[in-house]
Amino acid sequence: MQLIACPWCGPREEVEFSYGGQAHVPYPDSPAELSDEQWAHYVFHRDNTRGRFAERWNHSAGCRRWFNAIRDTATYRFERVYRLDDPKSVTP
Amino acid sequence: MAELLRTHPLEAWTAAFERLPDTVRIAAEPYVAMVDVRLGTVGPGASTALGVDLPTAPNTWVPAGAGRAVWLGPDEWLLTSPTEAPEELEGRVRAAVVGLGGSATDVSAQRIGLRLAGARVRDVLARGCSIDLHPRVFGRGSSAQTTLGQAGVVLLALSDAGDDVAVLVRSSFAGYLADWLLDAALEFTTTPDR
Ligand SMILES: [Zn+2]
């Protein structure tokens, strides 16, 4: 089992964390003006990247904080973690 | 009408704990008042009002009067007090942090404490806890929210020798964890000759 480095608690076992899907999905500026299709895109549609992917994770068995991580979806390797208020990490 | 008595969730385990050897002593800690504090910014104002410098380093705890202040997150702490009633502690802490935009919530009924002491404590905990508990990195003042035997716990290092640890566990998991600890301690228990 691999360790995931919580930005606050440090390296912990993977089972302490839960997955929160793609990171940096912006809430629509004017949700009321979206068509049903645009709203569905915001709610349901996510990238399905092969390779480095910016994701949200939660340290659910520890400090219970959300953070972001760059993970390679092909190898499951975590490249880096960063806090929610850090700028978006550059991904290819 | 039957009288409802307040009993400790681990009362039924007392005798089993007492049979443990000196290398792994387990005892239920007495009830203490506990308050969950949320506070965005910790400054001198908060320290003065609370009477304790809330620890800002992750995975640490500090004594707070007769109780403890445990880091739970970048804006969250657990304050305990063995001398105040839960509503007293909650009222005092709330009054101290509410003006700073913080909050205080009585969580005394959420967790109970177990005290593990003895030379084999680290071996017992290592049966079901993946974090490094070596005194080099988990000396007195260290804490960890993690899992022990798959139950969510808060571990507090009470000594620099790694032989004195407090385990805070949710009351409803206390019986399960007590059974798990007794099982993990079994190999250090000497069986009388038959
Ligand atoms: Zn954490």
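The table for this structure:
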| quantity | calculated |
| --- | --- |
| Members of the stretch A:1-32 found to be within 14 Å of another protein chain (Cβ to nearest Cβ) and open to solvent by 60 Å² or more (accessible area, probe 1.4 Å), listed by number | A:M1, A:L3, A:P11, A:V15 |
| Given (1) in contact with a helix residue (DSSP H, G or I) (Cβ under 9 Å, 6 or more places away or on another chain); (2) in a loop (DSSP other than H, G, I, E, B); (3) within 30 Å of A:A5 (Cβ to Cβ), index of the condition B:L114 fails | (2) |
| Long-range neighbours under 7 Å by Cβ, at least six apart or interchain, first residue closer than 21 Å to B:A144 by Cβ within the stretch A:64-90, second part of a loop (DSSP other than H, G, I, E, B) and open to solvent by 70 Å² or more (accessible area, probe 1.4 Å) | A:W66/A:L84; A:F67/A:R83; A:F67/A:L84 |
| Single condition B:A96 does not satisfy, out of (1) under 25 Å from A:H59 (Cβ atoms); (2) touching a helix residue (DSSP H, G or I) at 6+ places or on another chain (Cβ under 7 Å) | (1) |
| Candidates B:P63, B:P74, B:P9, filtered to the one that is within 14 Å of chain A (Cβ to nearest Cβ) and closer than 21 Å to B:Q145 by Cβ | B:P74 |
| Subset of the stretch B:140-152 (residues that are of a type outside the set (D, E, K, R) and open to solvent by 10 Å² or more (accessible area, probe 1.4 Å)) | B:G141, B:S142, B:Q145, B:T147, B:Q150, B:G152 |
| Count of the stretch A:33-57 residues which are among the aromatic types (F, W, Y) and open to solvent by 50 Å² or more (accessible area, probe 1.4 Å) | 3 |
| Residue count for the stretch B:51-88, restricted to those that are open to solvent by 50 Å² or more (accessible area, probe 1.4 Å) and part of a strand (DSSP E or B) | 1 |
| Qualifying residues in the stretch A:2-45 (those that are away from the ligand (no atom under 16 Å from the Cβ) and at positive phi) - the one modelled with the lowest pLDDT | A:H24 |
| Any hit, the stretch B:131-138, residues being open to solvent by less than 30 Å² (accessible area, probe 1.4 Å) and within 21 Å of B:A27 (Cβ to Cβ) | yes |
| Selection from the stretch B:95-124 of residues that are free of Cβ contacts under 8 Å to residues at least 60 places away in the same chain and surrounded by fewer than 17 Cβ atoms within 10 Å (Cβ to Cβ) | B:A95, B:V98, B:G99 |
| Per-region count, the stretch B:15-49, residues under 18 Å from the mean Cα position of the chain (by Cα) and within 30 Å of B:A119 (Cα to Cα) | 12 |
| Tally of residues being within 11 Å of the ligand (Cβ to nearest atom) and at negative phi across the stretch A:53-82 | 11 |
| Scan of the stretch B:136-156 for residues that are assigned to a strand (DSSP E or B) and either touching an Asp or Glu at 6+ places or on another chain (Cβ under 7 Å) or in contact (Cβ under 8 Å) with a residue 60 or more places away in the chain (or both), ordered by number | B:S142, B:S143, B:A144, B:Q145, B:T146, B:T147, B:V154, B:L156 |
| Index of the failed condition, B:G40 passing every other in (1) within 14 Å of chain A (Cβ to nearest Cβ); (2) open to solvent by less than 30 Å² (accessible area, probe 1.4 Å); (3) more than 16 Å from the ligand (Cβ to nearest atom) | (2) |
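The values are calculated or read from the model by the stated rules, or taken from the named source; none is laboratory data. Remember, predicted model here, so these are calculated numbers, not experimental data. As a convention, Cβ positions derive from the backbone with ideal geometry for all residues, glycine included, and neighbour counts pool all protein chains shown. Keep in mind that these areas ignore ligands, DNA and RNA; they rest on the heavy atoms of the full protein, side chains included. Shrake-Rupley method; radii C 1.70, N 1.55, O 1.52, S 1.80 Å.
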